[in-house]
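Here, each number is a calculation from the coordinates, and none is a lab measurement. Please read all numbers here as calculations on a predicted model, not as lab measurements. Please note: Cβ atoms are built from the backbone with ideal geometry, for glycine as well, and neighbour counts cover all protein chains shown.
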Amino acid sequence: MTQTSASSRMSRGSVARLLIQFSLPATLGMVASALYNIVDRLFIGRFTGADGLAAVGLTFPLTVFVIAAGSLVGVGAASQISRFLGEGRTRAAERALGNALAVMTVFSVLFTLLALLRLDGLVRALGATSALFAQTRVYTKILLWGLPFNLLAFAMNAMIRAEGFPRVAMWSMFIGAAANVFLDWLLIVVLNMGVAGAALGTSVAQAASFAWCALFYLRRQGTLRVSSVSLRPDRAILTEMLLVGLSPFLMELFYTFSMMLFNNIAGSHGGDLALSAIGIFFCLDNLIYLPVFGIGEGLQPIVGYNFGAHQSNRVRQAVHCAIMMSTAYFAVSFVCAEVFTRGMIGLFTSGNEPLIALTARAMRIGYIGMPFAAAGIVASSAFLAIGRSGLSLFLNFCRQGLLFLPALLVLPRLMGLDGAWSCFIVVDAGGGLVGALLLWKFWNVFAGEHREEGARQTVFAFNK
């Protein structure tokens, strides 16, 4: 397949088949990315114990922050690239790519230095108790050194997919995940380095993922080229990029602080055992929910390209397919999570019956709203793809601000630790409802555009 056909194929053929072709690599890549945390917890839980598992779990908000920062630049640039390519503006797409790489490099280095300078305060803010402080600090400090590679790899993955090369992006995740598994085994099991070995393995694996993405551009395998001209700041490009990426950034950033608050509240009601349960819960939560986010990632270049090419009917078809696929997946996942709960938890710990029982209760309560979450996730991805970041921001603010935070502040007071798990029901069900309402408006807008395009074509044919 030529470089030109790699992007132009988004305007031809079956939308359902195209969505699968783009979503499957994105989903596999995101699942592979999630294996960073999963593998760390598997090895730590088995070979270090519950305290190490809790310490690693406390750093989950830092992982979410990486997604937030990567989304601010990566998602915004990917939306621009797919739309510019759909409009035939290759030079503009190259400027978006170059500006994104420059901004992400500067930001990642500055943030890493600031976080290392304020490391103790960061560890306390993550919710580490005195018993968990030392291990959490060690893991966080080493993890921060790999953060620039993680951020750049995340952003480049989104832009590589936007060019029409989802398999290349997928392989960067697989390479990082495979390296992480091997390094965790070597550093934790063989060398007995504990949480320090888990963090070091993750950081080195992230550097390997970054190297794969960098080689894609250095070898000029894609449509776009990185040059000194494209790296030069372009005010218009950067402004639009950051505005489009602002919605997922604020969503994930708010989610970061919400998870830090969640750690503190759950810890106050359930102690260190609850923090260990949180580590397992969010690890499995990532594994279950990320495929739907992968569908959203696969949807974005298709929607963005066809929106730029003024093919509104294909935009609507793609969104409809994404909703159906996501809803079906969530329905099956909900049943599996309810039936095989203890077996899934048993991967992370053996013989610790109080931890298994507490985590099982968390999953059975927290996943009740799962089947209703699809519309909200798909709607957010679709709005970002067409550059309507305001709608995406509003939807995500409803999910994380108007729904999750009030529930987190109220339900644990009324129901204790069960109230903390119940917050996720509110987010999934409420967010799905808001997403469905916004998508109803989305359908009407694009149906109107499609009718207007058909009318213009009819008038043109008559006049001709």
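Counted by neighbouring Cβ atoms within 10 Å, the residues D234, D120 run from fewest to most as D120, D234.
Using only the Cα atoms of segment 267-360, build the gyration tensor, take square roots of its eigenvalues as a ≥ b ≥ c, and label the shape rounded, prolate or oblate: rounded if a/c is under 1.5, else prolate if a/b is larger than b/c, else oblate.
Note, shape of segment 267-360 comes out prolate.
For segment 121-254, compute Rh as the Kirkwood radius over C-alpha pairs and then the Stokes-Einstein diffusion coefficient at 20 °C and 1.002 mPa s; write the answer in µm²/s, rounded to an integer. Can you show the working numbers first?
Numbers: Rh = 17.1 Å.
Using the Kirkwood radius from Cα pairs, D works out to 126 µm²/s.
Each residue of the chain gets 134 Å³ once the volume of the Cα convex hull is shared out per residue. Relative to the current alpha-carbon distance between S227 and H310, full extension at 0.36 nm per residue lengthens the span by 26.9 nm.
Helix 133-145 axis versus longest C-alpha principal axis of the chain: approximately 30°, rounded to the nearest ten. Convex hull volume per residue, computed on the Cα atoms of segment 333-407, equals 111 Å³.
To the nearest ten degrees, helix 417-463 and the longest principal axis of the Cα atoms of the chain are 10 degrees apart. Placing pseudo-labels 7 Å out from each Cα toward the beta carbon at A236 and K441 gives an inter-label distance of 2.8 nm. Taking the Cα atoms only, what angle lies between the long axis of helix 90-117 and the longest principal axis of the chain, rounded to 10 degrees? Approximately 20 degrees, to the nearest ten. Entry note, the chain: the mean residue ellipticity at 222 nm calculated from DSSP H runs of n ≥ 4, each adding -39500 (n - 2.57), is -29000 deg cm²/dmol after division by the residues and rounding to the nearest 500.
Taking a ≥ b ≥ c as the square roots of the eigenvalues of the alpha carbon gyration tensor, segment 17-166 is oblate, as a/c is not under 1.5 and a/b does not beat b/c.
So how much slack lies between L186 and F47, counting 0.36 nm per residue of separation and subtracting their Cα-Cα distance, in nm? It would help to have the intermediate numbers written out before the result.
Numbers: separation 139, 0.36 × 139 = 50.04 nm, distance 1.23 nm.
Stretched out fully, the L186 to F47 stretch lengthens by 48.8 nm.
Please label the shape of segment 250-308 as rounded, prolate or oblate, based on the square roots a ≥ b ≥ c of the eigenvalues of the alpha-carbon gyration tensor (a/c under 1.5 means rounded; beyond that, a/b larger than b/c means prolate, else oblate). Note, shape of segment 250-308 comes out oblate.
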